[in-house]
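Chemist: Provided herewith is a single structure, encoded as structure tokens, for subsequent inquiry.
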Amino acid sequence: MEGIIESSDFRSTAEWAEWLWNVVWPFISSSEALRIYALTIIAIVIASAAYIAYRAKKKLTQIQNKAVSFSFPGPDPSKEDTIAKRKKELGRRVTDELLPFRDAMWRLLLAGFVVPTVVFTFGAVNYAWFDPFGLPYFDRFSGQPVYSTDGISVTLFIVNQFSHGALFDVLEVFHMDISTVSNNPNNWWFSSAVLLYRTMVSAFVVALVIASAQFFFVTTTYRRKIDAEVRRFRKEERKFAAT
């Protein structure tokens, strides 16, 4: 009797779960739900890229500060040491110190430029799937908003948006464009995506300029310290030669 009751309870639970699945499935598999999933993934990717770029920029600043306080500890050169040998050793140590700097630069490039550009390109090419009734583009020749355009125009549009962001909208001020389409300002969602991409590109360019200046400062600092060590070695060698 107990076995029959348990079997009945299991069947009831299975039937209830099947009914619930049949009710929920049309909603979680609908086009609207898929768009929400895709937008959520895009938001996570963009947020992660921005965080990685921020961490990379912070790492560059830490390496710069370390270069200021960096020293070459060790005993004074002996008579057997040569300038070339010690200078090579110092160069190797500097190379080891610069490896994290290069890694951080690559992370900054990947997270600050490559990932946002790939995501923006994906959104621009497939915008019709996200917004089936929107008119994302504005044709400069006809003066009318358009639903879609050809691949070359989309490619030039993306390059155009990158150049506008990289040059801080200087091209926008002087109406210098290389594409035949622009974003439709009446399409709030697409125009917001364009604004976000331009902002990220501008931030990346600023970070890249600062990182380049930091790299120049770090390499110059290490070079100056190597030269100071070499001068110290030569001074010691002259002492050895005098004895």
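The values are calculated or read from the model by the stated rules, or taken from the named source; none is laboratory data. Here the structure is a predicted model, which is why all the values come from computation and not from measurement. Positions of Cβ are generated from backbone atoms using ideal geometry, with glycine treated the same way; all protein chains shown enter the neighbour counts. Heads up: the accessible areas ignore ligands, DNA and RNA and are worked out on the full protein's heavy atoms, side chains in. Shrake-Rupley method; radii C 1.70, N 1.55, O 1.52, S 1.80 Å.
Chemist: Just to be sure I understand, how many residues within the range 33-72 are under 16 Å from Val118 (Cα atoms) and outside any helix (DSSP H, G or I)?
Modeler: Number of matching residues: 0.
Chemist: Something else now. Just checking, does the range 216-229 include any residue being open to solvent by less than 60 Å² (accessible area, probe 1.4 Å), farther than 27 Å from Met105 by Cβ, at pLDDT 85 or above and of a type in the set (S, T, N, Q)?
Modeler: no
Chemist: Here is a follow-up. What residue, among those in the range 131-153 that are touching a strand residue (DSSP E or B) at 6+ places or on another chain (Cβ under 8 Å) and of a type in the set (A, V, I, L, M, F, W, C), is surrounded by the most Cβ atoms within 10 Å (Cβ to Cβ)?
Modeler: Phe138
Chemist: For the range 166-188, which residues satisfy the criterion of being open to solvent by 70 Å² or more (accessible area, probe 1.4 Å), in contact with a helix residue (DSSP H, G or I) (Cβ under 8 Å, 6 or more places away or on another chain) and closer than 17 Å to Tyr127 by Cα?
Modeler: Correct list: Pro185 only.
Chemist: Kindly indicate which of Leu39, Leu60 is closer than 30 Å to Thr95 by Cβ, at pLDDT 85 or above and surrounded by 11 or more Cβ atoms within 10 Å (Cβ to Cβ). Write out each step before concluding.
Modeler: Values: Leu39 fails: closer than 30 Å to Thr95 by Cβ.
Criteria check complete, one pass: Leu60.
Chemist: Of all the helices (runs of 4 or more DSSP H) wholly in the range 98-203, which have at least 1 residues that are farther than 30 Å from Tyr222 by Cβ and at pLDDT 90 or above?
Modeler: 115-125, 127-130, 151-166
Chemist: Also: Say we look at the range 121-130 and pick out the residues that are within 24 Å of the chain's Cα centre (by Cα) and of a type in the set (A, V, I, L, M); which of these is most open to solvent (accessible area, probe 1.4 Å)?
Modeler: Val125
Chemist: Also: Could you give every pair whose Cβ atoms fall below 6 Å, whose first residue belongs to the range 172-198 and is farther than 22 Å from Phe133 by Cα, and whose second residue is in a helix (DSSP H, G or I) and aromatic (Phe, Trp, Tyr), counting only separations of at least 6 or pairs across chains?
Modeler: Cβ pairs passing all conditions: Ser179/Phe157; Tyr197/Phe120.
Chemist: Any idea how many residues of the range 110-120 are surrounded by fewer than 17 Cβ atoms within 10 Å (Cβ to Cβ) and closer than 16 Å to Gly165 by Cα?
Modeler: Residues in the range 110-120 being surrounded by fewer than 17 Cβ atoms within 10 Å (Cβ to Cβ) and closer than 16 Å to Gly165 by Cα: 2 in total.
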